Amino acid sequence: MNSNSVACPLDCFDACEAVFHDDICKGSKEHKVTNGKLCVNFANLLKEDFNIDSYIENQKVSLDKALEQVVEKLKKTDPSNTLFYRGDGNLGVMQNAPKTFFSKYGSVMTKGSLCDEIGAQGLSQGRGGNVLNPPIENLIESDVIIVWGRNFTVTSPHMYNLVKDKTFITIDPICTPISKKSELHMQINPKTDHELALLLTRFTYMEDAEDEEFIEEFGEGADWFFDLAKARPVVSYEATTGISLNDVTKFFEIIKDKKVSLLLGLGIQKYNEGVQITRAVDSFAAYIGLHNKDVGGVWYLDESSYGYEQQLKANPKKTVSLPEVDYGSYDLVFIQGANPVVSAPNTKRVIEGLENTFVIFFGTTLNETSKYANIIIPASNFLTKRDVRLSYGHQYKTISNAVKPKVEGTISEYELTQFLNEKFDYESLIEQEKILDYYINTEVKKDYRIDSFEFLEELEVENLYEQKKENEFYFITAKRKENLNSQFKSDDKVYLHPNSGFNEADEVIVSSKVGSAKFIVSLSEDIKENCLFVFSGNRKANYLTSEKKDEEADSAIFQEVLVSIELS
Ligand SMILES: Nc1nc2c(c(=O)[nH]1)N[C@H]1C(S)=C(S)[C@@H](COP(=O)(O)OP(=O)(O)OC[C@H]3O[C@@H](n4cnc5c(=O)[nH]c(N)nc54)[C@H](O)[C@@H]3O)O[C@H]1N2
Ligand SMILES: Nc1nc2c(c(=O)[nH]1)N[C@H]1C(S)=C(S)[C@@H](COP(=O)(O)OP(=O)(O)OC[C@H]3O[C@@H](n4cnc5c(=O)[nH]c(N)nc54)[C@H](O)[C@@H]3O)O[C@H]1N2
Ligand code: SF4
Ligand SMILES: [Mo]
């Protein structure tokens, strides 16, 4: 074990390892995925202007004073009227510590996610709970990689580096960097992936390409699924999905007799019926036989802590759906590692809520959300605290050492939890070393093979294309190379196709049923003509999105929205 290793704490598939030496961080050569290189976001993080000051009502105070105030406030408030809200600013396992205190204290907590939960449930339903990724070697050994609703080169640059010589097929409404490296780019209409899955299933049958062995041994309901696929004339899918039958034929030419991997991303699931849509896509994958193979398989965001006994376990008494959180309905809200003013849906509603409650913000930086905080507690930065980082992209874990002395006036998640436990006479946590040693020393056996597969038998999706008016656009958000969600300097423009009728640098007001906001236009051929594109982390994007949760997973549906544009 390298005592100079540092884990990148950012929410990213790669979970890279850096080595700290002479005040410099370099990409570890021993970590298979990192392979000696770090990315622009890691560089951004090293340059980050970390907050080291505590504040009460915008006045700088000592950390002791701020903590004293937190305790006093918590003691005076009815715990059942408080909310604990955690984001994904740092994915180390030690981030789970504060939640254990707030669960004992009795705060309401959140369920669902702003991220991957919809897709995870879609996969879980068909596979009897097993949503594990195959080992990365299965990907490396495959011939063809289908990238479906995933911005592969941007959101996992190191995993991409391991497979960059493969043949790619991309299914995405946007011309992404990976689509440009692909043999085939199916520029699909948003929220029609379930239809494409059915069309591909239909062709699989016509091409005699179904995996009879898998279906026979593990599958249930394959006939029903196939019935769904043939319920509509093949040509009718062309108009709705925007994918030509020629492209479908080409798809089968490319994958014929090849070892195939499928990388699924968030793009297919940010919708009200995202669970069903994901399950339709996974059912196609099962039909064609991608599961349970020695090479290839289906990858999504893995359950990174699978197989570990949770060392920092919280048992909340009451939970609320994350996207629908109504901050103003609580007397006190504790926010850790999050920036909901930018990252949660319906920004106007979030701000109004935060203005109407008492906010304690615990983060490494000041951000759009900390502006609404009554108390700010500065968290110690990643170079100054120990941690372990598990990955949702691959099977390797990364150990983070405290390679720099703690900055005076900051406090780690573990220390804050111990402090609060003591003040409330709660049992203290076990030693941090023991928690970390458990994660470091436990080898988890992950079996990605599924015992049974239940094909999707019914599909009920309200199509956005049926609601969309001539002058409206689909609203697409995807991650940006130089940002990690809302962290670091953002690009706040809207991107439109040159045929959209707008000009470069136009000032426009974009409106949805939820709200509206002003943006500057940038034109790009990469955007599908019927789409308006913004980067995730755009400071105004979520003025347009609805807080309504999806139909099954208590999660955000950032793309269940149509927008119109006018010159401002
Ligand atoms: N550089 C960088 N890396 C990151 C992040 C970051 O902010 N920056 N964030 C991290 C996080 S939190 C996560 S969850 C992961 C997410 O990683 P990804 O799953 O790659 O997430 P997105 O960038 O949202 O990519 C979604 C893709 O789906 C496409 N898409 C949109 N709508 C549809 C649709 O209806 N159908 C189809 N087929 N495609 C569609 C988009 O154009 C986009 O290319 O990335 C992680 N990695
Ligand atoms: N429209 C739209 N909205 C989206 C998305 C989208 O695709 N479209 N993507 C969604 C996704 S996938 C995600 S995961 C969310 C992410 O949204 P959030 O969970 O809000 O994460 P970040 O934007 O990264 O904000 C992280 C904050 O955490 C704090 N932080 C960083 N490190 C630490 C630490 O070590 N300790 C503590 N205490 N705090 C720390 C920093 O102050 C930082 O500002 O956004 C979602 N929002
Ligand atoms: S690729 Fe992801 S995990 Fe690796 S250094 Fe960059 S942000 Fe961190
Ligand atoms: Mo995410």
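Taken together, the values in this text are just the output of simple stated rules run on the coordinates, not laboratory data. These figures come from a predicted structure and were not determined experimentally. Reconstructed Cβ throughout: ideal geometry from the backbone, glycine too, with neighbour counts over all protein chains shown.
The simple Förster model, with R0 at 22 Å and r as the Cβ-Cβ distance, assigns Asn471 and Ser524 a FRET efficiency of 0.65.
Restricting segment 394-489 to chymotrypsin sites (Phe, Trp or Tyr not before Pro) that sit in a DSSP loop and have at most 15 other Cβ atoms within 10 Å of their own Cβ leaves Phe424, Tyr426. Here the sum of -39500 (n - 2.57) over DSSP H runs of 4 or more residues, divided by the residues of the chain, equals -7500 deg cm²/dmol at 222 nm, to the nearest 500. When Rg and the Kirkwood radius Rh are both evaluated on Cα atoms of the chain, their ratio Rg/Rh stands at 0.96.
Classification of segment 403-483 by its C-alpha gyration tensor yields a prolate form. The axis ratio a/c (a ≥ b ≥ c) is 1.5 or more, and a/b outweighs b/c. Return, ordered by residue number, the residues of segment 362-403 whose backbone nitrogen is under 13 Å from a label point located 7 Å along Cα→Cβ of Asp331. Zone members listed by number: none at all. Would segment 197-263 count as rounded, prolate or oblate if I go by the C-alpha gyration tensor, calling it rounded below 1.5 in a/c and otherwise prolate when a/b exceeds b/c, oblate otherwise? Here segment 197-263 falls in the oblate category. Put a dot 7 Å past the Cα of Asp165, heading toward its Cβ, do the same for Glu216, and the two dots end up 3.7 nm apart. If you plug the beta carbon distance of Asn58 and Glu504 into 1/(1 + (r/R0)^6) with R0 = 35 Å, you get a FRET efficiency near 0.35. If you take the Cα centroid of segment 305-329 and the Cα centroid of segment 62-81, the two points sit 21 Å apart. Assuming charge only on the beta carbon of Lys and Arg (+1) and of Asp and Glu (-1), the dipole of the chain about its Cα centre is about 1780 debye to the nearest 20. Stretching the chain fully between Asp78 and Ser568 yields a gain of 171.8 nm (0.36 nm per residue, less the alpha carbon separation).
Once you reduce segment 395-461 and segment 188-224 to the center of their Cα atoms, the two points are 38 Å from each other.
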